[in-house]
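One structure below.
Read-outs: derived from the displayed coordinates by stated rules, not from any lab. Just so it is clear, the structure is predicted and the values come from calculations on it, not from any experiment. A quick note on method: Cβ atoms are made from the backbone with ideal geometry, for glycine too, and the neighbour counts reach across all protein chains shown.
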Amino acid sequence: MRTDKKIISISAGDLSIEDLISIARHNVPIELSKEVEGKIIQARDLIDKFVDEQRVVYGITTGVGDNSKVRVSKAESRKLQKNLIRSHACGVGAPLDMELVKAVMVMMIKNLSSGYSGIRLETVQALVKLVNHNIVPKVPRDGSLGYLSYQAHISLVLLGEGEAYYKGELLKGDIALKRAGLKPISLYEKEGLSLINGTVDMTAIGAIAIYDAINVLKIADLASMVSFEALKGTNLAFDVRLGDVKPHPGLKSTIYNLNRLLSGSEIAEKFKNHRTQDALSIRAIPQVHGACKDALNYAKQVIEREMNSATDNPLIFVSEGDSVSSANCHGESVAMALDFLAISLSETANISERRIFRLVSSQYSELPPFLVENSGVNSGYMIPQYVAAALVSDNKLYSHPAVVDSIPTAAGQEDHVSMGTSASLKVLKVIANTQRVMGIELMCACQGLEFLRPLRSSTGIETVYNFLRSYIPKLEEDKVLYDDIKKVETLIKTEKVLDILENKIGQLVI
């Protein structure tokens, strides 16, 4: 995806997944709309009123978690906010990828701009400046149950603490701010709590995952049809009437994609009656890929809702003049959806590996063993199938749902947590593995086409074949293959394969 937007407004309307990608991955700057600024100011006025009245409000005039039973004076409330950031910034492990951190920052801004948090406008604007100056806090990847940790590490930099990347250099937070011409901020009542609360981390990472999963499932349809051609499949299994009598949306969209991909193919026409029916890894592509698309679309709907929800605690309702301490910061919906997405992508890789296995196995493929001449001397594509099998097996481990593994925290006050951040990180691993498996299938399937020449496939498939061959030549004899696998993986991840295809035949549907 390439955007032509010069700036993206954080407004009262919905922020899209595509907008988030534009900001986090392609560094499009952001601004707050005037309407949103007004809502932020109104909610803040109500917080100031609560403080003046010493009204009992969670996290403002009380401690947090099990400390909610402890009253906090007006004089101590601001200290509490800074203490919350410092005490909660205790993540561990390798740094989270910078585009993911940036996505979390954007979702923090969107959540805080809803007008239900009571944070000051100056504080939200400070976050906007971090995004626009491309100051990316160093955030440890591990140790979050579903909220708090990532946001705390990000917020440290607002205070001139922690660490951040700026212009390719890792700096202390205060130095990064100074080099960008910015100053640390102080936190007022409720602001520390609002900065670390909400489902923004799992939602941001989940949105990135949804975007990349759409690309993966389109590539899956493409790769499967290149394999279909190399294996002399029968396209009768893709009859549009099948979707009429089993009307799952994903099944119907997959049949549509497959027929478009095969349109005009000499190979498909020649071999349409070659077998009575193909193996299920070929014949059931509409049913399996379709189910995965249905799961993706469910997860996408959940993520889009959550992106545009108010997930702070407590929530401030300006029109009624009150606050509600609730559990909108609980990420059960997101965690469950992302676990489902991981399962669906694991299945996408699973059936792909089965096609790779058939391609390299001459007893099934009617092609030379391991897709290379003189196979006694050459191993050809024998070992890439091993790699795909290993990646698929890893995906099965990552497909264990995180959401069912809740562990009580905060002295029992938070006795059920979503584990949504774990779910979001897990699905990223599945996506990466699936992209690699797809790349291996494309490599093997294009090699299979070599043995069917001079017959030609469809316009779309031949376009992709020629594009890949500009990076990876036909395998004539054994060579080191890991670089080829990496090249195809990169072409998939950067959307170059999909762009080449869709520019030629139009967009595939999900």
- prompt: For the peptides 228-239, 74-85, 150-161, what is the packing order when you average, over each peptide's residues, the other Cβ atoms within 10 Å and list the highest mean first?
  reply: 150-161, 228-239, 74-85
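Based on DSSP H runs of at least 4 residues, each adding -39500 (n - 2.57), what is the mean residue ellipticity at 222 nm of the chain after dividing by all its residues, to the nearest 500 deg cm²/dmol? Before the final figure, lay out the partial values.
Working: 21 runs with 288 residues, N = 510.
Calculated from helices alone, the mean residue ellipticity at 222 nm is -18000 deg cm²/dmol.
Treat the count of other C-beta atoms within 10 Å as a stand-in for reagent exposure and order ARG179, ARG283 from fewest to most. Mind dumping the intermediate values first?
Details: ARG179 15, ARG283 18.
If I rank by nearby Cβ atoms, fewest first, I get ARG179, ARG283.
For the stretch 8-197, with only Lys/Arg (+1) and Asp/Glu (-1) charged at the beta-carbon, what is the dipole magnitude about the Cα centre, in debye rounded to 20? Write down the numbers at each step before the final one.
Numbers: 25 positive and 22 negative charges, 104 e Å.
Using only the charged Cβ atoms, the result is roughly 500 debye.
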field: Inter-centroid distance (Cα atoms) of the stretch 458-507 relative to the stretch 192-258, Å
entry: 19
- prompt: Which of the listed residues, THR494, ALA213, THR234, is farthest toward the dipole's positive end in the stretch 205-505, when Lys, Arg count +1 and Asp, Glu count -1 at the beta-carbon?
  reply: THR234
message: Just to confirm the number: angle between the C-alpha axis of helix 285-307 and the first principal axis of the chain, 0 to 90 degrees, nearest 10?
response: 10
query: Can you pull out the GluC sites (Glu not before Pro) in the stretch 327-400 that DSSP calls coil and that have at most 16 other Cβ atoms within 10 Å?
result: GLU366, GLU373
- line: Mean separation of Cα contacts under 8 Å (at least 6 apart) over the residue count of the stretch 205-505, i.e. the relative contact order in percent, is 25
query: Nearest 10 degrees, 0 to 90: what angle lies between the long axis of helix 74-88 and the longest principal axis of the chain (Cα atoms)?
result: 20
task: Can you tell me the relative contact order of the stretch 8-197? Whole percent, Cα pairs under 8 Å, sequence separation 6 or more.
output: 26
- request: Mind checking which lysines have their Cα closer than 19 Å to the Cα of LYS129? Skip sequence neighbours fewer than 8 apart in that chain.
  value: LYS5, LYS6, LYS34, LYS102, LYS110, LYS138, LYS167, LYS172, LYS178, LYS183
statement: Taking the alpha-carbon centre of each part, the distance from the stretch 79-150 to the stretch 1-38 in Å is 17
Formal net charge of residues neighbouring ILE383 (Cβ-Cβ distance under 15 Å; K, R +1; D, E -1): -3
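Could you compute the net charge surrounding GLU373? Neighbours are other residues with a C-beta less than 12 Å from the C-beta of GLU373; K and R count +1, D and E count -1. Each step should come with its number before you reach the end.
Numbers: positive: LYS474; negative: GLU450, GLU476, GLU477, ASP478.
Taking every Cβ under 12 Å from that of GLU373, the sum is -3.
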- request: Sort the stretch 419-510 into rounded, prolate or oblate with this rule: let a ≥ b ≥ c be the square roots of the eigenvalues of the Cα gyration tensor; rounded if a/c is under 1.5, and if a/c is not under 1.5, prolate when a/b is larger than b/c, oblate otherwise.
  value: oblate
